[in-house]
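Accompanying notes for the structure given below.
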Amino acid sequence: MKVHILDDWFDTLRTLPSFGLLDGHEVTVWTDHAEDTAVLAERLAEAEALVLFRERTAITADLLGRLPNLRLISQRGVYPHVDVPACTANGVLLCSNMQSDAPSVAAAELTFALILASAREIPQQMASLRAGRWQLAPGQTLRGRRLGLYGYGRIARQVAAYARAFGMEVVWWASEAGRARAAANGETVAESRAAFFAESDFVSLHVRLKPETRGIVTREDLLAMKPAATFVNTSRSGLVEAGALEAALAAGRPGRLALDVFDREPMAAPVDPLVLHPNVIATPHIGFVTEDELDLQFADIYAQINAYAGGAPIHMINPETRD
């Protein structure tokens with residue numbers, strides 16, 4: 001098949017062992033990001049299978065209508081960036097492995113790195129040293145502090161393991177079903193949503209972005225947090241109510257944010273004021289961007305292509321396309 005891969009910005013994928021799964025296919029890798037539909041349509045005119053690099057490019061009805069040769073989109077995880085009805089209408093099968101046997105260790109590691117960096121104000125201390133001012137005010141020790149984890153999934157449970165290794169107290173909040181699973185597993189669930197936010201020293205968000213979870217963390221939630229607390233988001237920016245982060249910073253509750261996700265990605269320039277705020281530690285959506293994690297994820301994606309080419313597609317999101 002003629003396989004096109006979008007948005008591999010550092011031309012990493014071809015260096016990973018999993019790339020060998022595409023042997024026998026005609027592969028084109030695009031290492032820049034294009035948003036213009038006309039440009040994408042021209043680039044992908046011959047593509048029979050399209051590989052998406054997470055949610056970096058939106059697949060719209062307009063674009064799909066200009067790709068008469070496309071038969072398969074292969075990706076991993078959730079797909080709010082893909083117009084699934086338009087895929088079906090254009091005879092394009094979307095395959096996406098929605099489950100995995102292991103958490104994204106890379107995302108969990110970055111989450112805890114941001115917790116540490118915020119507690120000890122590492123970026124600010126580095127800037128102070130380089131400016132010749134030596135130390136800033138003292139930071140926080142993690143041992144004995146409370147980490148609130150919102151969402152009882154695999155990544156959050158991995159973060160919990162790191163936190164316990166540092167002597168932190170872990171409490172949970174989630175959907176009703178998630179809270180029930182946590183309690184059944186002997187975990188500590190907060191007495192209420194209000195108590196979860198008000199009593200945690202760190203709150204880290206680990207929820208999938210779906211229509212029903214958009215804006216799930218509200219301005220009221222954040223403003224209930226301690227002035228010395230930190231809110232961490234390595235999931236999706238859309239999970240937080242619009243304007244809530246800015247309101248929190250203005251009120252100083254919580255006092256710090258640690259963010260890996262933003263409303264506009266990628267940012268060619270720091271157009272989001274959150275990126276430049278002195279009380280925000282910001283990273284450019286690198287939670288999943290390690291060689292190890294990419295090799296694991298794209299092995300799944302390439303397996304979907306081979307299954308389709310072999311006549312037995314897997315992880316079909318719109319199987320009616322095959323009818």
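The values are calculated or read from the model by the stated rules, or taken from the named source; none is laboratory data. None of the values given here were measured: they were computed from a predicted structure. Neighbour counts are summed over all protein chains in view; Cβ atoms, including those assigned to glycine, are modelled from backbone coordinates with ideal geometry. Quick note on the areas: whole protein, heavy atoms, side chains included, nothing else; ligands and nucleic acids left out. Shrake-Rupley method; radii C 1.70, N 1.55, O 1.52, S 1.80 Å.
Tabulated data for the structure shown
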quantity: Neighbours by Cβ (under 7 Å, 6+ apart or cross-chain): first from segment 64-78, free of Cβ contacts under 8 Å to residues at least 12 places away in the same chain and more than 20 Å from Glu35 (Cα to Cα); second surrounded by fewer than 19 Cβ atoms within 10 Å (Cβ to Cβ) and of a type outside the set (Val, Ile, Thr); calculated: none
quantity: Answer from Asp83, Asp62, Asp8 - the residue that is at pLDDT 95 or above and within 23 Å of Ala309 (Cβ to Cβ); calculated: Asp8
quantity: Residue selected from segment 103-128 under the condition open to solvent by 50 Å² or more (accessible area, probe 1.4 Å) and within 30 Å of His315 (Cα to Cα), by the criterion modelled with the highest pLDDT; calculated: Glu109
quantity: Selected residue (only one of Thr15, Thr37, Thr31 is over 25 Å from Glu293 (Cβ atoms) and not hydrophobic (A, V, I, L, M, F, W, C)); calculated: Thr37
quantity: Complete set of residues in segment 41-85 that are closer than 19 Å to Ala303 by Cα and open to solvent by less than 10 Å² (accessible area, probe 1.4 Å); calculated: Ala47, Ala49, Leu50, Val51, Leu52, Phe53, Leu70, Leu72, Ile73, Ser74, Gln75
quantity: Top-ranked residue in segment 129-188 [being among the hydroxyl-bearing types (Ser, Thr, Tyr) and surrounded by fewer than 16 Cβ atoms within 10 Å (Cβ to Cβ); ranked as farthest from Ser204 (Cα to Cα)]; calculated: Thr141
quantity: Hey, Gly24 within 18 Å of Cys87 (Cβ to Cβ) and open to solvent by 30 Å² or more (accessible area, probe 1.4 Å) or not; calculated: no
quantity: Matching residues in segment 101-144 - criterion: being touching a residue at least 40 places away in the same chain (Cβ under 8 Å), part of a helix (DSSP H, G or I) and of a type in the set (Ser, Thr, Tyr); calculated: Thr111, Ser118
quantity: Lone qualifier among Asn97, Asn90, Asn69 - being polar (S, T, N, Q), modelled with pLDDT under 95 and either over 24 Å from Arg179 (Cβ atoms) or touching a strand residue (DSSP E or B) at 6+ places or on another chain (Cβ under 7 Å) (or both); calculated: Asn97
quantity: Qualifying residues in segment 86-100 (those that are aliphatic (A, V, I, L, M) and assigned to a loop (DSSP other than H, G, I, E, B)) - the one surrounded by the most Cβ atoms within 10 Å (Cβ to Cβ); calculated: Val92
quantity: Inter-residue pairs, beta-carbon under 8 Å, first free of Cβ contacts under 8 Å to residues at least 12 places away in the same chain and in segment 241-267, second outside any strand (DSSP E or B) and surrounded by 15 or more Cβ atoms within 10 Å (Cβ to Cβ), 6+ apart; calculated: Arg264/Asp272
quantity: Considering residues of segment 215-262 that are more than 22 Å from Ala117 (Cβ to Cβ) and not small (Gly, Ala, Ser) only, the residue surrounded by the fewest Cβ atoms within 10 Å (Cβ to Cβ); calculated: Glu220
quantity: Flag for Gln75 being in contact with a Cys (Cβ under 9 Å, 6 or more places away or on another chain) and not in a helix (DSSP H, G or I); calculated: yes
